[in-house]
1. Would you mind checking which residues have amide H under 5 Å from Q216's amide H? H placed 1.01 Å from N; only 5 or more apart, or other chain.
2. Is the shape of region 1-119 rounded, prolate or oblate, going by the alpha carbon gyration tensor and its root eigenvalues a ≥ b ≥ c, with a/c under 1.5 for rounded and a/b larger than b/c for prolate?
3. In degrees between 0 and 90, to the nearest 10, how far off the longest principal axis of the chain does helix 65-76 point, with axes built from Cα atoms?
4. Output the 0 to 90 degree angle, nearest 10, between the alpha-carbon long axis of helix 225-240 and the longest principal axis computed from the alpha carbons of the chain.
5. Return the tail of the calculated pair distribution for the chain, meaning the percent of Cα-Cα pairs more than 31 Å apart.
6. Using 25 Å as the Cα-Cα cut-off, could you pick out the over-long pairs in K30/K157; K77/K206; K100/K211; K65/K172?
7. How large is the helix-only mean residue ellipticity at 222 nm for the chain, computed as the sum of -39500 (n - 2.57) over DSSP H runs with n ≥ 4, divided by its residue count, in deg cm²/dmol to the nearest 500?
8. Give the distance, in whole Å, between the Cα centre of region 13-57 and the Cα centre of region 159-203.
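Computed from the coordinates by the stated procedures, all read-outs in this text should not be read as laboratory data. As the structure is a prediction and not an experimental result, all values here were calculated from the model. Cβ placement follows ideal geometry from the backbone for every residue including glycine, while neighbour counts extend to all protein chains displayed.
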Amino acid sequence: MLQRFFATLRMTENKELEGELLQMEIKVLKDILDANEQIAERNRQLLDSNSVFAVNLMSTPGAGKTSLILQTLKELKGETKIGVIEGDVSSSLDAEVIGKEGVPVIQINTGGECHLDANMLSSALNALPLQDIGLLLIENVGNLVCPAEFALGENKKVLISSIPEGDDKPFKYPLMFHTVDAVLINKIDLLPYLKFDTAVFSQVIKGINEKVEIFQISCATGQGIEQWVSWLQSQMNQRYGG
Ligand SMILES: Nc1nc2c(ncn2[C@@H]2O[C@H](COP(=O)(O)OP(=O)(O)OP(=O)(O)O)[C@@H](O)[C@H]2O)c(=O)[nH]1
Ligand SMILES: [Mg+2]
């Protein structure tokens, strides 16, 4: 929103003024990200003091974030106490779906913002019974740009890419692919019907981010969910012990 505001201001014939406005824009954005990082650090400390492992789930709209949360709940419900934060521009539809599973869930409506930020997360954390939670799944707003820039205080960032989106997204949104710890290629049950080269896609992602973990999953059939969940458990164990 802020970037749009500055872009409009910069639509001037005066090159000197345009340069000054660009500098001002860069400074304002840096200040916003610095302030966000400070709050994210406080969130990190709060989560850590309660031994809560937090995962920030990001994707385009409809790639399967809520479906993945449901599958993860199904696999882990007996073993790990899970809390969920649902981020959407508006509505509480996803929180209602998750709430039916009997886990604590908080809906954040960003009211137009295309991402969650650390301040929004801080309010939601205050409303959750953190002492009773071992794993916190945070569904970010569906977007491949802004969520990559705003730390929340999470332990891991996970991107869900889905087959219908096409395999060119790492070229178009490199920061997102560079930022995350794992990429889940979802909807692989649709591979027979759509053009998507998973081998090339994985190779391109590794070129951007050599440490990233890549899983092929289907939230519709359950394929690959076991591998994702066992990676998640190993990350939690590394952080807080088994
Ligand atoms: N075929 C197929 N459909 C899937 C799969 N995973 C999710 N879907 C469908 O994709 C649609 C979107 O899934 P959601 O889980 O709501 O996606 P989301 O990322 O939470 O969507 P937003 O919250 O709106 O951004 C739904 O119709 C799901 O049933 C999958 O593995 N295969
Ligand atoms: Mg959703």
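1. I185
2. Values: a/c = 3.69, a/b = 2.09, b/c = 1.77.
Taking the square roots of the gyration eigenvalues as a ≥ b ≥ c, region 1-119 is prolate.
3. Compared with the principal axis, the helix lies near 30 degrees.
4. 80 degrees
5. Working: 7396 of 29161 pairs.
For the chain, the share of Cα pairs beyond 31 Å comes to 25 percent.
6. On the way: K30/K157 21 Å; K77/K206 32 Å; K100/K211 36 Å; K65/K172 20 Å.
In this structure, K77/K206; K100/K211 lie more than 25 Å apart at Cα.
7. Values: 9 runs with 108 residues, N = 242.
Mean residue ellipticity, 222 nm, calculated: -14000 deg cm²/dmol.
8. 27 Å
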